[in-house]
Amino acid sequence: MKRCFILKIFVFVLIIFTTNAFSQVKDYKNLPDFDYNDYSYHLKFMTAPYSLIGQTLYLENVNDSLQKYFFTGELQKPYKDVYYYHLARIKPEHLAKMKGEWFIVKDYVADQFAFQKMNDADIEKQNFKAMPRDFIKLAIPATGDTVFYNYNNFWNRYNFPFIPMSYFNNNKNEYPNSKYAKEDLSLIKYDTNANYAYLPEKLVGQKLILPVVSEKTCARLFNGVKLYNYDDDSRKYSFTDYPIAKAKLLEGKTFIVTDWGHNAAQLTDVYLKLVLVGGRDTIYYKYPPITERTDFDFVIESFLNKMKMKYKDMDFVYRGQKFPLSVIDIRRKRALTLKQGDVFHCLDFVIKDGKFQMLMRNEKGRKFYMPADYNIGDKLTFERSLALANNVEKYKNTYPTYFKAILQKELIEGMTQDMTQQSWGKPERNVPTNFDESNRHWFYMGNIYIIFRNNKLHRVAMIPKELR
């Protein structure tokens with residue numbers, strides 16, 4: 001009798017332990033496919049279909065569950081000028097080979113069931129060309145193969161197995177490690193998400209604007225002659241200093257990147273061959289390495305155009321007090337004082353005085369320029385002085401104390417996760433936990449972390465020096 005009782009207790013404990021274990025596994029599986037916690041900004045295409053075309057995607061891992069999303073197929077005869085594909089689910093051995101693979105998104109396509117959609121569109125008098133396509137067509141530059149990914153579940157970002165290159169460009173300043181060596185990464189195209197390209201040869205064909213010529217700029221400009229006395233006929237040049245007087249005349253000019261090459265005496269250095277638009281002048285620019293990417297002197301025109309689309313017609317709130325700033329009223333030519341909580345509307349995004357700047361208009365109709373936090377280079381942020389109005393204005397009347405704290409970049413007990421992020425930005429690390437009755441820890445600057453209880457800010461702590 002006693003042994004039976006002990007056995008029942010043992011079974012009961014085992015059931016509880018097993019249940020907890022499986023519940024933890026389930027929670028883990030609901031986490032994102034990659035552990036970068038500030039990626040959500042770079043996955044905006046989840047709610048903006050058709051914006052993936054031309055993007056470079058990296059597939060870090062594969063598993064059996066992905067087989068139902070990947071397909072292979074052939075193009076069928078178009079119907080009413082709309083192309084569709086006959087698709088079949090990818091084979092497991094084919095899927096396994098795609099781990100660590102690079103993809104270029106070529107298009108959004110429809111499958112063989114598109115005929116029914118077309119008929120429905122005709123009956124309901126809809127334009128089928130404007131209807132969503134369920135699949136993205138992915139080209140693998142390394143092999144030339146084409147595969148298709150079922151995108152109809154795009155609203156669930158946790159089901160998206162790819163990492164966009166924009167994340168690495170803007171956050172990691174690098175590409176992820178893959179099964180290909182660094183030299184094979186020339187497959188990756190410049191994707192306009194940063195004012196810099198990890199591989200300088202990918203800028204060939206791009207237009208570059210030189211807004212300001214400084215002493216640092218002059219030190220990077222050269223005249224060059226290509227050398228042909230090498231058996232390998234490689235891209236080797238002999239360079240001489242570019243005259244400073246001529247360099248000063250290049251300010252504000254636009255160039256086309258026509259080629260790239262190496263200094264024959266120092267093969268680790270890379271130079272861009274630039275041809276002046278509307279002229280015949282050719283100069284060579286010593287490209288800054290990855291450790292100096294913020295010193296890039298040019299503005300890539302395609303990046304500038306993309307930023308114009310991003311910032312134009314957006315509303316911003318001035319953070320105030322902690323970041324005092326006086327601007328010049330364009331019409332009256334006198335100082336204009338910005339107060340905490342003032343709202344501005346962005347009329348344009350431009351290059352002015354060697355900086356990225358936004359042309360703003362306040363509620364009284366006064367116009368002025370708001371400079372970015374950094375000079376021309378890879379970094380681009382206005383976060384020191386500005387916050388997006390749509391993100392913080394919603395707290396102005398309902399939570400005025402929290403609203404003021406957000407503008408001053410302060411943290412207050414009881415803040416939600418969204419309030420915290422609006423105040424301090426996205427965390428470097430986001431760790432779900434059940435330690436000390438907390439359910440989440442956010443890490444900033446390596447050693448500062450924020451503890452959330454019931455998804456509300458509980459306190460801010462710091463990792464001791466001996467544990468860092």
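Key figures for this structure:
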item	result
Extension gain from Asn61 to Asp107, taking 0.36 nm per residue of separation minus the Cα-Cα distance	14.3 nm
Theoretical gain in end-to-end length, Arg89 to Arg334 [0.36 nm per residue, Cα-Cα removed]	81.6 nm
Cα radius of gyration and Dmax for the stretch 312-388 (Å)	11.6, 34
The stretch 223-374, dipole about Cα centre (Lys/Arg Cβ +1, Asp/Glu Cβ -1), debye to the nearest 20	1060
Rg/Rh (Cα only; Kirkwood hydrodynamic radius) as it applies to the stretch 200-301	0.94
Long pairs among Lys248/Lys355; Lys355/Lys404; Lys312/Lys339, criterion Cα-Cα beyond 20 Å	Lys355/Lys404; Lys312/Lys339
Amide hydrogen neighbours beyond the local backbone of Gln55, cut-off 5 Å, H modeled	Val105
Stretchable slack from Arg366 to Leu227, in nm (0.36 nm times residue separation minus alpha-carbon distance)	44.4 nm
Projected label distance in nm at Thr433 and Leu276, using a 7 Å step from Cα toward the beta-carbon	6.0
Unsatisfied cross-links (Cα-Cα over 25 Å) in the set Lys207/Lys310; Lys308/Lys364; Lys306/Lys333; Lys364/Lys394; Lys202/Lys306	Lys306/Lys333
The stretch 200-301 - percent relative contact order, Cα under 8 Å, separation 6 or more	34
Pairs of Cα atoms farther than 15 Å apart, the stretch 284-356, %	71
Estimated FRET transfer efficiency when R0 is 25 angstrom, pair Ala461-Thr381 (beta carbons, to 0.05)	0.40
Estimated inter-spin distance, Asp353 and Asp259, nm [label 7 Å along Cα→Cβ]	4.1
Normalised contact order of the stretch 312-388, rounded percent, pairs of Cα under 8 Å and 6 or more residues apart	32
Modelled FRET efficiency - R0 30 Å, Glu201 with Ala245, Cβ distances, 0.05 increments	0.50
With 5 Å bins from 0: P(r) over the stretch 230-377, alpha-carbon pairs, percent	2, 8, 13, 16, 15, 12, 10, 8, 7, 5, 2, 1, 1, 0
By average C-beta atoms within 10 angstrom, highest first, the peptides 332-340, 380-388	380-388, 332-340
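Any read-out appearing in this document is the output of simple, stated calculations on the displayed coordinates, not a laboratory observation. All figures in this text were calculated on a predicted structure; none of them were measured in a lab. Cβ: placed from backbone, ideal geometry, glycine included. Neighbour counts: every protein chain shown.
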